[in-house]
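The values are calculated or read from the model by the stated rules, or taken from the named source; none is laboratory data. The structure displayed is predicted, hence computed values, not measured ones. A quick note on method: Cβ atoms are made from the backbone with ideal geometry, for glycine too, and the neighbour counts reach across all protein chains shown. Accessible surface is based on the protein model in full, side chains and every heavy atom, while ligands, DNA and RNA are left aside. Shrake-Rupley method; radii C 1.70, N 1.55, O 1.52, S 1.80 Å.
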Amino acid sequence: MSEKSHSIPAADPDEKPSVIRTRLHGIDLLSNSRLNKGTAFTEQERDAFGLHGLLPPHIGTLEDQRLRRKRVLDSRDTPFGKYSNMRDLQDNDETLFYSMIEHYTEELLPIVYTPAVGEGCQRFSEIWRRPRGLFISYPNRHRIDQILADRRYDEVRCIVVSDGERILGLGDQGAGGMGIPIGKMALYTALGGIPPEHCLPILLDAGTDNEKLLHDPIYIGWQHNRVRGQEYDDFVEAFVTAVQKRWPKILLQWEDFAGTNAARLLERYRDRLCTFNDDIQGTAAVTTATLLAAVNATGVPLSQQTIVMFGAGSAGIGIIDLLIAEMKEEGLSEEEARGRIYAFNRYGLLVEGARGIKESQLPLVHKRADIAGWKLTGGEDVTLLDVVRNAKVTVLAGVSAQAGAFTEEIVREMGRHAERPIITPLSNPTSQAEATPADLLRWTDGRALVGTGSPFPPVEINGTPVRISQVNNSFIFPGLALGILVSQARRVTDGMIMAAAKALAGLSPSRTDRNAPLLPPIGESRKVGLVVSEAVARQAMAEGVATIDDAASLPERIRAYSWNPLYLPYERIEHGGRASDLW
């Protein structure tokens, strides 16, 4: 429990604590997931804290514990079984949890986050055991200040919040959506080095329209249809107001809100507090980075590519906005840039007179004159095949959650006029992907430049296994958050999002080998996060939204702030003594 506010450390490694001093004792100490060391408590610590008998006699190390937990994890035969095991570990020993991710990053990221977290959300009520984060329900809306006031949250600096309405490609999961903020905050720490006590996952429980959950006797959330309209807006406003009051300098990330709410909530609050939406801006950044790497491999600049965005929800619109910004940097006008991008909704191309066009999609709508003279397959909707065939599409990105939408006919048509077609089926989880990398590479004779939203195994081409780049937001948001916190940015600007994208693109293996994967291995995500964080912090300083102004000290500030999963020695203090800053 905090004794005082913990400020960003100066660029001095000696300021990091070398000893943890705490009043917790016995079972209370072992029950604290942030402090528990399990069998790694030394003989002296067991004496001091009354742990003999509560622990088995073996005195181990963090390395011993990793080996034991890895053996248990390997015995689980399903991704959900592994996910549930890791969640239990996080609630028991956070240092070991993060050490596991650090040492087995590539293997465990798909377990602690996408795609396994999808089933984790669907079955959240089955596995919920111990409190982690906060559930703020609509019936408790008058208690938000009271809920946030607990002293255990004094050190919080960043929040990931969801209302559970649009979880990955799985739809409304209600309170089960808490798996997403928990998972995101875990990656803030694992990949961004942000101390766990600075992170708070929150689920805004506004009800659910998932009929199965409404009638499930074990569902842990508020079993009521979702509140909508002004009631919903007032609920969110009460939450934001309380958060700002409790933590005036908080970083707030919106996550997995339905498309109808995601963009408008970001627009409403982005100039009021330091906030971003990862589904919109994080997805835009990692996709733009991937496409910048891909066009470098083709030798044809982005401003000369013809792009299809298959899916024009909040994520698709966010990607398009960032791509247009880059095309304008390359010399195109706004109109010219938009003319090179064809966006789709569930019915077909967004063109004048098309069905289902939403107000937010109006800037993406093509004029009928733009497709005059096209040979169409018939029907009232302009199909994806129509656009690929007539517009000679070179880049195809999918954020539709429509599994198999990129068919063999469409991909082969694209391959006829694009020497190196760029294809990124980005939908999560794996079951919602618009195509598989194996199919895409087979249909293009291995020529396609492919990135996917979910993890896929390597694909063999001419007898050689080829790693498939995962276009995962985890390359962006941990470093983005770290850069924001270290620079003490007051706002998150479009320039900071672009800086994150370009920093990631600069790390592409394809920059030195045009046949190499477009993005670094997921196992290097922590290193990527450090590079992204520095680029974001420098951009915040350049735009005047950072509180610090010493650019030369940034690398050391980042290093000094970053937390690493290591056990420190403990000392017990009696009442009246001074505890460590955090406990």
Any residue at all in the stretch 36-55 that is among the hydroxyl-bearing types (Ser, Thr, Tyr), assigned to a helix (DSSP H, G or I), under 26 Å from residue 131 (Cα atoms) and modelled with pLDDT of 95 or more?
yes
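Look at the stretch 358-367 and say how many of its residues are charged (D, E, K, R) and either surrounded by 12 or more Cβ atoms within 10 Å (Cβ to Cβ) or touching a strand residue (DSSP E or B) at 6+ places or on another chain (Cβ under 6 Å) (or both). Show your work before the answer.
Kept after step one, since they are charged (D, E, K, R), are these residues of the stretch 358-367: 358-359, 367.
Adding the requirement that they be either surrounded by 12 or more Cβ atoms within 10 Å (Cβ to Cβ) or touching a strand residue (DSSP E or B) at 6+ places or on another chain (Cβ under 6 Å) (or both) leaves 358.
So the count comes out to 1.
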Options 440, 480, 485: the member that is under 21 Å from residue 523 (Cα atoms), touching a strand residue (DSSP E or B) at 6+ places or on another chain (Cβ under 9 Å) and part of a helix (DSSP H, G or I):
480
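Out of 194, 111, 180, which single residue is outside any strand (DSSP E or B), closer than 16 Å to residue 279 by Cβ, of a type in the set (A, V, I, L, M, F, W, C) and within 16 Å of the chain's Cα centre (by Cα)?
180
Any residue at all in the stretch 145-158 that's of a type in the set (Val, Ile, Thr) and in contact with a Ser or Thr (Cβ under 6 Å, 6 or more places away or on another chain)? Give the steps one after another, and end with the answer.
We begin by selecting, within the stretch 145-158, every residue of a type in the set (Val, Ile, Thr); these are 147, 156.
Restricting the remaining residues to those that are in contact with a Ser or Thr (Cβ under 6 Å, 6 or more places away or on another chain) gives none.
No.
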Right, residue 219: hydroxyl-bearing (Ser, Thr, Tyr), more than 18 Å from the chain's Cα centre (by Cα), modelled with pLDDT of 95 or more and not in a helix (DSSP H, G or I) or not?
yes
Within the stretch 98-108, can you find the residues that are free of Cβ contacts under 8 Å to residues at least 60 places away in the same chain and either assigned to a helix (DSSP H, G or I) or among the polar types (S, T, N, Q) (or both)?
100, 103, 107, 108
Identify, please: which residue in the stretch 388-404 is in contact (Cβ under 8 Å) with a residue 40 or more places away in the chain and in contact with a helix residue (DSSP H, G or I) (Cβ under 7 Å, 6 or more places away or on another chain) and is, among those, nearest to residue 302 (Cα to Cα)?
395
Of the residues 119, 126, which single one is of a type in the set (D, E, K, R) and buried (at least 17 other Cβ atoms within 10 Å of the Cβ)?
119
So which residues in the stretch 14-30 are open to solvent by 60 Å² or more (accessible area, probe 1.4 Å) and either part of a loop (DSSP other than H, G, I, E, B) or modelled with pLDDT under 50 (or both)?
14, 16, 17, 18, 23, 25
In the stretch 449-470, how many are open to solvent by 10 Å² or more (accessible area, probe 1.4 Å) and in a loop (DSSP other than H, G, I, E, B)?
8
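Can you report the number of residues in the stretch 509-526 which are among the hydroxyl-bearing types (Ser, Thr, Tyr) and either surrounded by fewer than 22 Cβ atoms within 10 Å (Cβ to Cβ) or more than 22 Å from the chain's Cα centre (by Cα) (or both)?
Start the filter on the stretch 509-526 by keeping residues that are among the hydroxyl-bearing types (Ser, Thr, Tyr), which leaves 510, 512, 525.
Keeping just the survivors that are either surrounded by fewer than 22 Cβ atoms within 10 Å (Cβ to Cβ) or more than 22 Å from the chain's Cα centre (by Cα) (or both) gives 510, 512.
The qualifying residues number 2.
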If you check 544, 495, 506, 529, which single one turns out to be of a type outside the set (A, V, I, L, M, F, W, C), buried (at least 22 other Cβ atoms within 10 Å of the Cβ) and at pLDDT 95 or above?
529
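Mind listing whichever residues of the stretch 197-216 are in a loop (DSSP other than H, G, I, E, B) and of a type in the set (Asp, Glu)? Before the answer, list the steps.
Residues of the stretch 197-216 in a loop (DSSP other than H, G, I, E, B): 206-210, 215-216.
Answer for the stretch 197-216, where residues must be in a loop (DSSP other than H, G, I, E, B) and of a type in the set (Asp, Glu): 209, 216.
I'm trying to understand the selection: among the residues of the stretch 239-272, which are assigned to a helix (DSSP H, G or I) and open to solvent by 40 Å² or more (accessible area, probe 1.4 Å)? Outline the logic, then answer.
First, the residues of the stretch 239-272 that are assigned to a helix (DSSP H, G or I): 239-246, 259-269.
The answer is 241, 244, 245, 246, 259, 260, 263, 264, 267, 268.
Pick from the stretch 140-163 the residues that are in a loop (DSSP other than H, G, I, E, B) and touching a strand residue (DSSP E or B) at 6+ places or on another chain (Cβ under 6 Å): which of them is surrounded by the fewest Cβ atoms within 10 Å (Cβ to Cβ)? Before the answer, list the steps.
Here is the first cut: in the stretch 140-163, the ones in a loop (DSSP other than H, G, I, E, B) are 149-150, 154-157, 163.
Going one step further and asking which of them are touching a strand residue (DSSP E or B) at 6+ places or on another chain (Cβ under 6 Å), we end up with 156, 163.
Working: 156: 18, 163: 31.
Once the filter is applied, the top-ranked residue is 156.
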Do the conditions hold for residue 424, that is, is it under 23 Å from residue 316 (Cβ atoms), surrounded by fewer than 20 Cβ atoms within 10 Å (Cβ to Cβ) and among the β-branched types (Val, Ile, Thr)?
no
